[in-house]
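Before any comments, here is the structure.
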Amino acid sequence: MKRCFALLLALLLAALPALADEQLDADRQLVEALFAAAAGTTADAEKTARAGMTDEETAARTQALADYRRLSEIWLTAVLAPDPEPDATPAPTATPAPEETPVPTLDEAFEALSEHEIGRAYLSLLSAQDAAGCLEETRAAVNRWLDTIDADALSEMNADYACWLYAPDTPIDYPVVHGGDNDYYLHRLFNGEHNACGTLFIDYRNLGDFQDPNTLLYGHHMRNGSMFKAITYYADQAYFDSHPFMLIVTPEKRYLLELFAGYTTSKSDHCYDIAISDESDMAAFVEEALGKSNFTADVEIKGGDRLVTLSTCAYAFENARYIAIGRLNELKALAVPAEE
């Protein structure tokens, strides 16, 4: 297993452009701190805090974390969004209807981070003090970090390259492929070499560009913790609370994946359905997933949302799988007018 992980690591590093090690380490540390701040807690802290709580107290804590994440996600999406196109038409500003709850602002999100212990730990890594400066400084670090994912080099190495998947504070930091079947990459590395680790891959029935209602991603449950073993940890509420977000980077787009359900199941589960025909079908899909989920996320899913289902082996019964399902949030830059 160690050899398999070493081979994969060497392969991935060969595909990345060189950056000063010190700068890259600092950027990665900041990215990890950013995602930790967006989560707002750690697994250990949650286990300690929830020990001995009544059902009402547990529900209140879960709701408080969900409310915090709604604010922190505003900041997270602004930081992770692509740079704006200087010659693009300015995006219209949405005005909420009177009965709708106003969308929190970046300043409100920054204030929430500033008042939170883990948020302050992230902000302490920055030289800026105000919201605009911290946003700009973090975006610069994120973009340097994402520049190490050379889509052209990865596509040249393997034409099946589809995206990069990053799950903070886990070994999941891998390329994902989209092949012609669901067998080839089970025992082949990204370069096609036979290996038990395999490669993360998108179901061949999917389009491969995350435009389907439900995109399926598969990965092995490796004993050394690599590949998709971390997906099985979502059986614990505390683990979800500290790892609610993932990042998907395609050659054209960036997506934040907001997880909302996870459970042990079989290959006949509806979670493996790619086609979700309409809003009622989506509602039924989500209701079933939430009813089985090991954790509570309080994430609202609407009819037009696109989902990603992450699947790996589990050992609760023969041919068991563990899945985690998330809602895709495409990260879009706010257009700005061209300079004259």
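The values are calculated or read from the model by the stated rules, or taken from the named source; none is laboratory data. Predicted model only: the values in this text are computed from it and were never measured. With ideal geometry, Cβ positions are generated from the backbone for all residues, glycine too; neighbour counts draw on all protein chains shown. Just the protein is used for accessible areas: all its heavy atoms, side chains included, with ligands, DNA and RNA removed. Shrake-Rupley method; radii C 1.70, N 1.55, O 1.52, S 1.80 Å.
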Return the residues of the range 195-238 that are of a type in the set (S, T, Y) and crowded, with 22+ Cβ neighbours inside 10 Å; say none if nothing qualifies. T199, T215, Y218, S226, Y234
Among residues of the range 292-319 being of a type in the set (D, E) and over 21 Å from A43 (Cβ atoms), the residue modelled with the highest pLDDT is D305
Does M282 satisfy the criteria of being farther than 28 Å from T41 by Cβ and out of contact with any Cys (no Cβ under 7 Å at 6 or more places or on another chain)? yes
Selection from the range 72-96 of residues aliphatic (A, V, I, L, M), surrounded by 12 or more Cβ atoms within 10 Å (Cβ to Cβ) and at pLDDT below 95 yields A88, A91
In the range 149-186, anything among the small types (G, A, S), crowded, with 20+ Cβ neighbours inside 10 Å and either at pLDDT below 95 or outside any loop (DSSP other than H, G, I, E, B) (or both) is listed as A162
Given the options E46, E56, E100, name the one that is modelled with pLDDT under 90, over 30 Å from G198 (Cα atoms) and charged (D, E, K, R). E100
Can you say whether A36 is modelled with pLDDT of 95 or more, out of contact with any Ser or Thr (no Cβ under 7 Å at 6 or more places or on another chain) and surrounded by 15 or more Cβ atoms within 10 Å (Cβ to Cβ), as far as the supplied structure shows? yes
Only one of (1) in a loop (DSSP other than H, G, I, E, B); (2) open to solvent by 40 Å² or more (accessible area, probe 1.4 Å) is not met by E137, so which one is it? (1)
Scan of the range 39-58 for residues that are surrounded by 13 or more Cβ atoms within 10 Å (Cβ to Cβ), assigned to a helix (DSSP H, G or I) and out of contact with any strand residue (DSSP E or B) (no Cβ under 8 Å at 6 or more places or on another chain), ordered by number: A43, A45, E46, K47, A49, R50, T58
In the range 174-197, how many residues are in contact (Cβ under 8 Å) with a residue 40 or more places away in the chain and either under 17 Å from A153 (Cβ atoms) or within 24 Å of the chain's Cα centre (by Cα) (or both)? 7
